[in-house]
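The values are calculated or read from the model by the stated rules, or taken from the named source; none is laboratory data. Every value quoted in this text rests on a predicted model; they were computed, and no experiment measured them. Backbone-built Cβ (ideal geometry, glycine too); neighbour counts: all protein chains shown. What goes into the accessible areas is simple: the full protein's heavy atoms, side chains included, and nothing from ligands, DNA or RNA. Shrake-Rupley method; radii C 1.70, N 1.55, O 1.52, S 1.80 Å.
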Amino acid sequence: MATETFSVATRPRSPVPAVRRARRRLGPGRPLPYGRLLGPALLLALWAAASASGLLDPRKLSAPWAVARTTADMISTGVLQEHVLTSLTRATAGFLIGITAGLALAVIAGISRIGEALIDGPMKIKLAIPTIGLIPLLILWLGIGELFKIVIIAVAVAVYMYIQVYAGLVGIDKRYVELAEVQGYRRSEFLRHVVLPGVLPQFFVGLRLSLTASWLVLITVEQINALSGVGYMMEQAQQYAQTDVILVGLAVYGIFGFLSDALVRVTERRVLSWRRTLAS
Amino acid sequence: MATDTGELTGVRIDKLTRRFGDHVVLDRVDLQIAPGEFVALLGRSGSGKSTLLRALAGLDYDVAGDGELRIPDRVSVVFQDSRLLPWRRVLDNVILGLRAPNPRERGAEALAEVGLAGRERAWPTELSGGEQQRVALARSLVGEPELLLADEPFGALDALTRIRMHGLLRALCKRHQPAVLLVTHDVDEAVQLADRIVVLDGGRIAVDIRPGLPDSRTPRDPGFQEVRELLLRALGVTS
Ligand SMILES: Nc1ncnc2c1ncn2[C@@H]1O[C@H](COP(=O)(O)OP(=O)(O)O)[C@@H](O)[C@H]1O
Ligand SMILES: [Mg+2]
């Protein structure tokens, strides 16, 4: 037994057992069923207990039931839907424009040397500048309307998409390119069966980074400068110390962040189904 | 480069020179391979075997040099790695790029020939190394090539699998009759498989022999031993 090798000098060696003990497991072991829900449930319980006992000042944090009631009120009056719709429209528009632009730039830089020379440098520079830092300049250029919000989301998304997809294109395995040449693949076959599958994993990484980025930028611009949307709703609530409304806003962001990530995850698993054989 | 005379052409290499910087790897190499002939190319590591093979495969566009090459139209290559696209199923890997009627049937036949009937829908990663290399063989033969180029195709396989692959390759080449250039650093493999063996040394063909051994040869035959000794000496290994 390996555990005894240290103690040979200090302790008389016990006789070797006839049956070998199972090796001690060092990994964390099997996951608990629904284990991921345990932490949030505990937090919720603590929160409820603190509110009920009066330990928690409702001006600092409303009780869970107060938040639930506020949510129901806001839905019945239609206020919440209106803000959510506005935010979703901004996020979706910026996201789609950003994805398209990022993809287009990556493809141009990936397949042409001139494109690479012109595009790659500026994109790497942009990556070094946080998108939020562009807000003052973009407001000067575009005003504070919808266009500004959509553009700044699109910029953040485009950069993430570009970086990932360009890296994917450049990193296409040269061995497969040779294979395509000796097997006489047509250009369309090469693009469809070698380039596209080679880039897809990176594309999905870009997609998920882009989602995170679009929510982040959306929240920021809505809290800085807006007259509608979930961020505006929370900003207003802060002025009147309505912590329940702030929490409703956070819940909305959380739910949409989670759902959009789950959607990408499911799509990724289906599209990259060939990878599952590696994992199993 | 490639000429289409309509009949079987074989390979003709005239004064082929290839260099990397100042390093002349191939120095006016002349070599001809008749249609259907099985040639093994031996040489020390770094002697330029792959460089020669890649020139024949048309994969050396960045390499400096000159000379003349005449090669058949239908050339296929087997690499040391099986080089299967991991995101395409086995049959799809075999038939991608195949321009022939009924590609799926032909692909399935080719897979059956290498003993992989029924594995058409498997993913490449589900196969063992030997099986993957058999798929690569099926892929390279499905288009009925006139010239088969193989660069240490069994180099990554274990000894037992390699012996089985030797039998398979010989049987396939007997049936399909491509000209073959097999690069290897394994003297036994060369003697076992080839009709003719050439040794590359100092950028030139140093040895070019046709041992004339029977089809069913084993390393125990005296003739086999003799050829083996000769080749080992040419490679600078004296036993
Ligand atoms: N792309 C390359 N750039 C520079 N040198 C190379 C390149 N490819 C091969 N060489 C050199 O050419 C020589 C022959 O290489 P290679 O044909 O691969 O040898 P072999 O296949 O016989 O082992 C080696 O000295 C190698 O270092
Ligand atoms: Mg080599």
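Before moving on, here are some points about what is shown:
- Any hit, the stretch B:82-92, residues being within 26 Å of B:VAL39 (Cβ to Cβ) and within 16 Å of ligand 2 (Cβ to nearest atom): yes
- B:ALA64 modelled with pLDDT of 95 or more and more than 14 Å from chain A (Cβ to nearest Cβ): no
- Hits in the stretch B:42-53 (condition: within 10 Å of ligand 2 (Cβ to nearest atom) and touching a residue at least 24 places away in the same chain (Cβ under 8 Å)): B:GLY43, B:SER45, B:SER47, B:GLY48, B:LYS49, B:SER50, B:THR51, B:LEU52, B:LEU53
- Output for the stretch A:61-87, where each listed residue is open to solvent by less than 50 Å² (accessible area, probe 1.4 Å) and assigned to a helix (DSSP H, G or I): A:PRO64, A:ALA66, A:VAL67, A:THR70, A:THR71, A:MET74, A:LEU80, A:HIS83, A:VAL84, A:THR86, A:SER87
- Qualifying residue in the stretch A:246-268 (condition: surrounded by fewer than 19 Cβ atoms within 10 Å (Cβ to Cβ) and within 14 Å of chain B (Cβ to nearest Cβ)): yes
- Taken across the stretch B:229-238, residues that are over 13 Å from B:LEU41 (Cα atoms), more than 16 Å from ligand 1 (Cβ to nearest atom), without any contact (Cβ under 8 Å) to a residue 24 or more places away in the chain and among the hydrophobic types (A, V, I, L, M, F, W, C) do occur, with at least one present.
- Residue within the stretch B:174-186 that is surrounded by fewer than 18 Cβ atoms within 10 Å (Cβ to Cβ), more than 14 Å from every other protein chain (Cβ to nearest Cβ) and within 16 Å of ligand 1 (Cβ to nearest atom) present: yes
- Among the conditions (1) over 21 Å from A:GLY254 (Cα atoms); (2) in contact (Cβ under 8 Å) with a residue 24 or more places away in the chain; (3) surrounded by 21 or more Cβ atoms within 10 Å (Cβ to Cβ), A:ASP173 misses just one, which is (3).
- Residue in the stretch B:146-158 that is surrounded by fewer than 16 Cβ atoms within 10 Å (Cβ to Cβ), under 26 Å from B:VAL187 (Cβ atoms) and not small (Gly, Ala, Ser) present: yes
- Only listed residue being over 27 Å from A:SER228 (Cα atoms) and open to solvent by less than 40 Å² (accessible area, probe 1.4 Å), chosen from A:ILE135, A:ILE119, A:ILE125, A:ILE153: A:ILE119
- For the stretch B:43-59, the set of residues classified as within 14 Å of another protein chain (Cβ to nearest Cβ) and more than 6 Å from ligand 1 (Cβ to nearest atom) consists of B:LEU53, B:ARG54, B:ALA55, B:LEU56, B:ALA57, B:GLY58, B:LEU59, listed by residue number.
- Checking B:GLY21, B:GLY129 one by one, the residue that is within 16 Å of ligand 1 (Cβ to nearest atom) and either at pLDDT below 95 or within 12 Å of chain A (Cβ to nearest Cβ) (or both) is B:GLY21 and no other.
- Filter pass, B:GLN80 being in contact (Cβ under 8 Å) with a residue 12 or more places away in the chain, surrounded by fewer than 19 Cβ atoms within 10 Å (Cβ to Cβ) and within 13 Å of another protein chain (Cβ to nearest Cβ): yes
- Within the option set B:ARG233, B:ARG220, being away from ligand 2 (no atom under 16 Å from the Cβ), open to solvent by 30 Å² or more (accessible area, probe 1.4 Å) and not in a loop (DSSP other than H, G, I, E, B) holds for one residue only, B:ARG233.
- Hits in the stretch B:11-36 (condition: closer than 28 Å to B:GLN177 by Cβ and either open to solvent by less than 70 Å² (accessible area, probe 1.4 Å) or β-branched (Val, Ile, Thr) (or both)): B:VAL11, B:ILE13, B:ASP14, B:LEU16, B:LEU26, B:VAL29, B:LEU31, B:ILE33, B:ALA34, B:PRO35, B:GLY36
- Members of the stretch B:86-118 that are away from chain A (no Cβ under 13 Å) and either touching a residue at least 60 places away in the same chain (Cβ under 8 Å) or not hydrophobic (A, V, I, L, M, F, W, C) (or both): B:PRO101, B:ASN102, B:ARG104, B:GLU105, B:ARG106, B:GLU109, B:GLU113, B:GLY115, B:GLY118
- Of note, B:ALA136 does not satisfy the criterion of being among the small types (Gly, Ala, Ser), more than 16 Å from ligand 2 (Cβ to nearest atom) and modelled with pLDDT under 95.
- Test: B:ASP60 is surrounded by fewer than 17 Cβ atoms within 10 Å (Cβ to Cβ), within 20 Å of A:GLY184 (Cα to Cα) and within 16 Å of ligand 2 (Cβ to nearest atom): yes
- Pairs are defined by a Cβ separation below 7 Å, a sequence spacing of at least 6 or placement on different chains, a first member in the stretch B:160-182 that is in the same structural domain as B:LEU53 (by TED's automatic domain parsing), and a second member that is small (Gly, Ala, Ser) and open to solvent by 30 Å² or more (accessible area, probe 1.4 Å); the pairs so defined are B:ALA179/B:ALA34.
- Test: residue in the stretch A:206-225 that is at pLDDT 90 or above, open to solvent by 20 Å² or more (accessible area, probe 1.4 Å) and within 14 Å of chain B (Cβ to nearest Cβ): no
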